[in-house]
Structure formats: C-alpha cells, structure tokens
Amino acid sequence: TYHFKTENPMESEAIVEELEKLAEVARNWKLNVNRFRRSQMAVAYVFDSPSVQQIFGGLIFLNFVSNIVQCQLSDRDLSGAMGQAFSTIQTFFNIAFLVEISVNIYAHWLHDFIRSRWNVADALLVIFSFLADYT
C-alpha cells in the first residue's frame with residue numbers, strides 16, 4: 001500500500017488514473033512479449049548476475065596465468081606432453097570464451113551487444129584467438 005499527499009482531490013484522481021494507465025501498459029507489455037524474448041530476458045538476468053560475471057572474470061585470470069607460465073617456458077619445455085597440455089588448456093579457454101560471447105549475444109541481442117565497445121573488443125579477441133590457434 002502506498003500513501004501520497006496531494007493538494008486537492010482532483011490531483012489525487014489524476015495520479016491514480018496515471019498509475020492505472022501505467023499498470024495497464026505493464027500488463028499488456030508482459031502479455032505481448034513472446035517466448036523468445038522472455039527466454040532472452042531470463043538468460044540476460046542470469047548472465048549479468050555478479051556470480052556469473054565473477055566466474056568469467058576468474059576464467060580470464062586463469063587464462064592470463066596460463067599464458068604467463070607458457071611464455072616463461074622454453075620451446076624445449078613445450079615439446080611433447082607439456083606442449084599438448086598447454087594446447088588443451090588454450091582450447092578449453094577458447095571454447096569457454098566462445099560460449100560466453102554466444103550467450104552474451106543471445107541475452108542482449110546483436111544491437112545491444114555491439115553498442116558496448118567492451119563486448120566488441122571481447123568478441124574480436126575471441127575470434128582472433130581462434131584464428132591464431134586453428135590456422
């Protein structure tokens with residue numbers, strides 16, 4: 001229950017009338033949203049949550065650490081099993097970041113996605129990473 005104070009009854013009626021119009025617009029909007037858009041909204045809600053963002057932030061940090069360790073090793077150290085292990089780790093991160101970009105594009109749709117320069121930079125990094133690893 002909300003209480004508000006107005007100067008006269010006509011002002012109160014105008015406010016109540018406007019609130020009823022807004023409530024009707026909200027009800028109609030909810031009814032007019034299709035399943036696809038509702039699923040996008042649900043995915044965006046989960047994707048934008050702090051815990052999911054922290055998970056991807058942790059993956060970025062672990063990828064950074066992996067790259068630092070790999071750069072410190074000599075070519076001789078990276079031959080054989082060690083090199084294969086780093087290749088597998090890099091493939092894991094590439095796939096994880098591709099999934100992250102795909103979910104982000106789905107959740108925010110293309111127009112909202114590309115309006116953010118961070119999203120565009122992130123997508124380009126993932127694309128270039130795949131190109132570097134698989135060409």
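For first residues located in region 1-22 and in a loop (DSSP other than H, G, I, E, B), partners that are not β-branched (Val, Ile, Thr) and lie 6+ apart or on another chain with Cβ distances below 8 Å form the pairs Phe4/Ser12; Thr6/Ser12. Residues in region 99-135 that are among the aromatic types (Phe, Trp, Tyr), within 22 Å of Ser49 (Cβ to Cβ) and open to solvent by 70 Å² or more (accessible area, probe 1.4 Å): 2 in all.
Within region 51-67, the residues that satisfy the criterion of being surrounded by 11 or more Cβ atoms within 10 Å (Cβ to Cβ) and of a type in the set (A, V, I, L, M) are Val52, Ile55, Leu59, Ile60, Leu62.
In this structure, is Ala26 loosely packed, with under 11 Cβ neighbours inside 10 Å and small (Gly, Ala, Ser)? Yes: the conditions hold for Ala26. Considering only residues in region 68-90 that are aliphatic (A, V, I, L, M) and open to solvent by 60 Å² or more (accessible area, probe 1.4 Å), the one that is farthest from Ala123 (Cα to Cα) turns out to be Ala81.
The values are calculated or read from the model by the stated rules, or taken from the named source; none is laboratory data. These figures come from a predicted structure and were not determined experimentally. Backbone-built Cβ (ideal geometry, glycine too); neighbour counts: all protein chains shown. Surface areas here come from the heavy atoms of the whole protein model, side chains and all, with no ligands, DNA or RNA. Shrake-Rupley method; radii C 1.70, N 1.55, O 1.52, S 1.80 Å.
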